Amino acid sequence: WQRQAIAVLDGVIAHRVKLDRELPEPEKLVAWLQEQSAPVLPTLPDSLASRESIGCKQWEWRGLKFAIICFHLENSASAHLVTTWHGGLKGAPPLGHMIYGRSGAWSTATWSEGGLACMLLTDAGDDALRKLLAANDALPSGILLAAASEASRP
């Protein structure tokens with residue numbers, strides 16, 4: 001599921017795939033995705049909710065619905081939050097545990113919460129990803145602690 005989500009994101013960035021909505025207010029994108037019954041966190045992580053959004057997209061793959069919300073970061077970098085329903089998802093991240101990774105130029109973090117599997121990606125690097133996650137009061141406390149402890153590792 002992660003590779004497929006990254007393929008969609010790469011398509012958006014290369015202008016081969018169009019965003020469904022382009023708005024600078026992330027809360028309006030969340031509301032629109034909810035109206036479409038797309039899998040989306042009801043409350044965005046604090047470090048993303050306060051940023052200007054680029055847009056969002058929803059799609060289906062192998063019978064599962066996905067959503068992505070894209071955000072502007074500093075220095076022309078970006079962050080992208082991908083969500084899908086956790087149930088029946090092969091390779092879903094475990095509840096209460098953050099998994100960090102890399103895929104090409106993307107730094108990634110995956111976790112599950114509230115029936116959703118989530119992946120946050122950024123092209124700003126591993127440190128920027130960890131800072132985005134460490135600042136999040138909206139993440140469940142177990143995940144927040146895992147993110148904070150990971151961020152403090154050398």
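Read through the list (1) closer than 24 Å to ALA128 by Cβ; (2) assigned to a strand (DSSP E or B); (3) not hydroxyl-bearing (Ser, Thr, Tyr), then give the number of the only condition that ALA5 fails.
Every condition holds for ALA5 apart from (2).
Name the pairs whose Cβ atoms lie under 6 Å apart, with the first residue in the range 26-47 and of a type in the set (Ser, Thr, Tyr), the second assigned to a helix (DSSP H, G or I), and 6 or more positions between them or separate chains?
Sorted first by the residue in the range 26-47, then by its partner, the pairs are SER47/LEU132.
Condition check ((1) crowded, with 20+ Cβ neighbours inside 10 Å; (2) in a strand (DSSP E or B)) across all residues:
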| site | (1), (2) |
| --- | --- |
| LYS65 | no, yes |
| ILE68 | yes, yes |
| ALA79 | yes, yes |
| LEU89 | no, no |
| ALA92 | no, no |
| HIS97 | no, no |
| TYR100 | no, yes |
| THR110 | yes, yes |
| ALA117 | yes, yes |
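Considering only residues that are within 13 Å of the chain's Cα centre (by Cα), outside any helix (DSSP H, G or I) and hydrophobic (A, V, I, L, M, F, W, C), which ones fall in the range 33-53?
Result: VAL40, LEU41, LEU44.
Which ones in the range 54-89 are among the basic types (Lys, Arg) and more than 17 Å from GLU25 (Cβ to Cβ)?
ARG62, LYS65 - these are the residues of the range 54-89 that are among the basic types (Lys, Arg) and more than 17 Å from GLU25 (Cβ to Cβ).
Say we look at the range 30-57 and pick out the residues that are touching a Leu at 6+ places or on another chain (Cβ under 6 Å) and modelled with pLDDT of 95 or more; which of these is surrounded by the fewest Cβ atoms within 10 Å (Cβ to Cβ)?
The residue in question is GLY55.
Rundown of residues vs (1) free of Cβ contacts under 8 Å to residues at least 12 places away in the same chain; (2) within 30 Å of HIS15 (Cβ to Cβ); (3) within 14 Å of the chain's Cα centre (by Cα), yes/no style:
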{"site": "PHE66", "(1), (2), (3)": "no, yes, yes"}
{"site": "CYS70", "(1), (2), (3)": "no, yes, yes"}
{"site": "SER78", "(1), (2), (3)": "no, yes, yes"}
{"site": "GLY88", "(1), (2), (3)": "no, no, no"}
{"site": "PRO94", "(1), (2), (3)": "no, no, no"}
{"site": "SER112", "(1), (2), (3)": "no, no, yes"}
{"site": "LEU129", "(1), (2), (3)": "no, yes, yes"}
{"site": "LEU132", "(1), (2), (3)": "no, yes, yes"}
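The values are calculated or read from the model by the stated rules, or taken from the named source; none is laboratory data. Values in this document were obtained by computation on a predicted structure and should not be read as measured data. Cβ coordinates were reconstructed from backbone atoms using ideal geometry, including for glycine residues, and neighbour counts include every protein chain displayed.
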